[in-house]
1. Out of residues 5 or more away from residue 30 or on other chains, whose amide H comes under 5 Å of its own, with H placed 1.01 Å from N in the peptide plane?
2. Using the reciprocal of the averaged 1/r over all distinct C-alpha pairs, how large is the Kirkwood radius of region 1-78 in Å?
3. Rounded to the nearest percent, how much of the accessible area of the chain (1.4 Å probe, protein heavy atoms only) is carbon and sulfur?
4. Using only C-alpha positions, report the orientation-averaged shadow area of the convex hull of the chain, nm², one decimal.
5. Taking 7 Å along the Cα-to-C-beta vector as the label spot, tell me the residue 15-residue 140 distance in nanometres, rounded to one decimal.
6. Solvent-accessible area of residue 130, probe 1.4 Å, all protein chains present, reported in Å² to the nearest ten, please.
7. Can you pull the Kirkwood radius for region 59-143, inverse mean 1/r over Cα pairs, to one decimal in Å?
8. Leaving out ligands and nucleic acids, and using a 1.4 Å probe, what accessible area per residue does region 44-100 come to in Å²?
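The values are calculated or read from the model by the stated rules, or taken from the named source; none is laboratory data. Quantities reported herein were computed from a predicted structural model and do not represent experimental measurements. Neighbour counts run over all protein chains shown; Cβ positions are idealised from the backbone, glycine included. For the accessible areas, the whole protein counts, side chains as well, though only heavy atoms, and no ligand, DNA or RNA atoms are used. Shrake-Rupley method; radii C 1.70, N 1.55, O 1.52, S 1.80 Å.
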Amino acid sequence: MLTLIGLALLNGILIATSRVINGHLGRKVGAIRTALWAHAVGFIFLSVIIATMFRNNLAVEPAVPTTAWLGGILGVAFVALNSHAVPRLGAGKTTSFVVGAQMLASVAIDSLSLPFSEATMTALGGAAIIVAGVWMAAFVSKK
């Protein structure tokens with residue numbers, strides 16, 4: 001469990017760093033071109049890793065549902081939107097809003113697959129606290 005928490009924390013650091021880098025690039029070349037280059041470089045990097053690790057099996061499994069391909073589209077939108085927002089709002093505010101929205105969406109998505117229960121109410125309460133924290137971090141005592 002601690003390893004997974006460590007990976008999640010590392011992922012948060014990588015995302016924040018990526019947002020700042022892409023935000024600087026987005027200001028120079030635009031959000032869409034930034035998304036293109038971020039994904040092109042990522043594709044090349046991942047291709048090298050996959051070719052090294054899975055030399056004998058590079059094919060996509062046929063059992064993957066068509067909707068799974070939406071992840072790439074959503075990833076491009078995420079990078080483009082962040083590349084546009086970070087230089088204008090700053091990394092902290094953008095991250096706060098993204099995390100708040102992620103929490104609300106995650107609770108909503110999880111509650112679609114689970115029966116409504118006390119756990120759902122607790123998750124909604126936790127998400128509400130995070131959203132309140134986002135609002136405070138973005139707007140309170142910042143003049």
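1. Counting only residues 5 or more places away or on other chains, the set is empty.
2. Result for region 1-78, one decimal place: 14.9 Å.
3. On the chain, the fraction of accessible area on carbon and sulfur atoms equals 75 percent.
4. Values: hull surface 47.2 nm².
Reported value for the Cα convex hull: 11.8 nm².
5. Roughly 2.3 nm, to one decimal.
6. Approximately 60 Å² for this residue.
7. Values: mean 1/r = 0.0657 Å⁻¹.
Kirkwood radius, region 59-143: 15.2 Å.
8. Using a 1.4 Å probe on heavy atoms only, each residue of region 44-100 averages 73 Å².
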